[in-house]
Structure formats: C-alpha cells, structure tokens
Amino acid sequence: MHTLKSPVTSSTPLVLSEARVAMVLDDAHCLLANGREASRALSCLVELSPGDVVLCAQSEGACHVLHVLAREASSVPVAISVPNGAEISLRGRSVSIHALENIELMSARDASVTAATGTLSLNARNLFATVSESLVQQSRYFIGKAGQYLLDVRHLLKLHGQDALITAERDIKADAERISMG
C-alpha cells in the first residue's frame, strides 16, 4: 500500500492498493473482495472480470480501478472498451491490427472503410459478400478476371453500353423462349 497526496483535494491522502474484483456491476463499476465499490478509471481500457487482481486508487470518498494487474482465468478473453460506453478512437500515422487466427469486425448499424486518396486492398483465399437489399458499385474503370464467372439472376439482367463486344474462342450460345435482335 502506498500513500500519496491527492491532486484533486490536497488534504485527502490517496492510497494505492492491490485488490481482487469480486463482482462486475456494469461496464464502469465493480465490487471488490474487500466489500468496497470501485469505478473503472477512464484510462483503464481492459474490461473487468471477476477474479481480476487490480490496482486501485482510494481516497476519502472514491475508489478507482486504475489497472488490471492479473487475470486468473486464461479462458476469459481480454476485452477493451471505454467505461460508460463512450466513443473510442485509435489515431496515429499508421495503425496495425494483427491476429494469429481471426479478426472479426461487427457493427449493429453502419460500418465504413475508407482510403480517401489511396488504395484499398482485400486479399483472401475466398471472399464472400452477402447483402440483403442493394449492392451498388461505381467506378471509372472496372476490370475483372476470373477462371469461370457464373451469374444467376432471378428476374431481369440488363447490360448496357455505348458499344458492346462479346467474343469467344469456341462457341457462343443464346437460348431463350424468344430472342429479339435489332
């Protein structure tokens, strides 16, 4: 236990101590094993879990968890968030996220990926895109290459251009109940 003078109220000593989290009350508050309720400090980005050993700052009227020192259960994932659901933002000249197995990005509403003046690259063995309503693509040039390209449209397929060119090395087949040309 270490005692300092509180920068907020110079007359109240600030006590640093180690404690164990007994129960998580919400994303910003917990009950410590010593019976004291504590608030998660804004700078403590690791979400608390029962059994965590934490560093606390205690003064006359308040107790704050400053840091998670250790976690008993290695099976509990480490989640990072801001207390009270505040917005969190990562900023820097360059930001990298690396995972040995999986990365999952989820949003209950909107998501956006922007490379305003650069290149956006997606590299994968397989790419699956599922859209429940509309897929809109706009580009100045669209170039696609495929070993095979299969397109199945339930109702109307419209291809339109100032000029259209369809070439095949062997065979072109048009099969329909009615074919109209001209």
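Modelled spin-label separation between I166 and L135, with each label point placed 7 Å from Cα along the Cα-to-Cβ direction: 2.1 nm. The equivalent ellipsoid of the chain has semi-axes of 61, 18, 15 Å, largest first, where each one is the square root of 5 times an eigenvalue of the Cα gyration tensor. Close amide H partners of C63, meaning residues 5 or more places away or on another chain with modelled amide H under 5 Å apart, are S39. Modelled spin labels at N102 and E72, positioned 7 Å past Cα toward Cβ, are 2.7 nm from each other.
Calculate the dipole size of the chain relative to its Cα centre from +1 charges on Lys and Arg beta carbons and -1 charges on Asp and Glu beta carbons; express the result in debye to the nearest 20.
480
Taking the chain as a Gaussian network of alpha-carbon nodes connected by springs under 10 Å, the highest mean-square fluctuation of the residues N126, N84, N102 belongs to N126.
Only the coordinates and a few stated rules stand behind these numbers; no lab work does. Note that the coordinates shown come from a computational prediction; the quantities given were computed from them, not determined experimentally. Cβ coordinates were reconstructed from backbone atoms using ideal geometry, including for glycine residues, and neighbour counts include every protein chain displayed.
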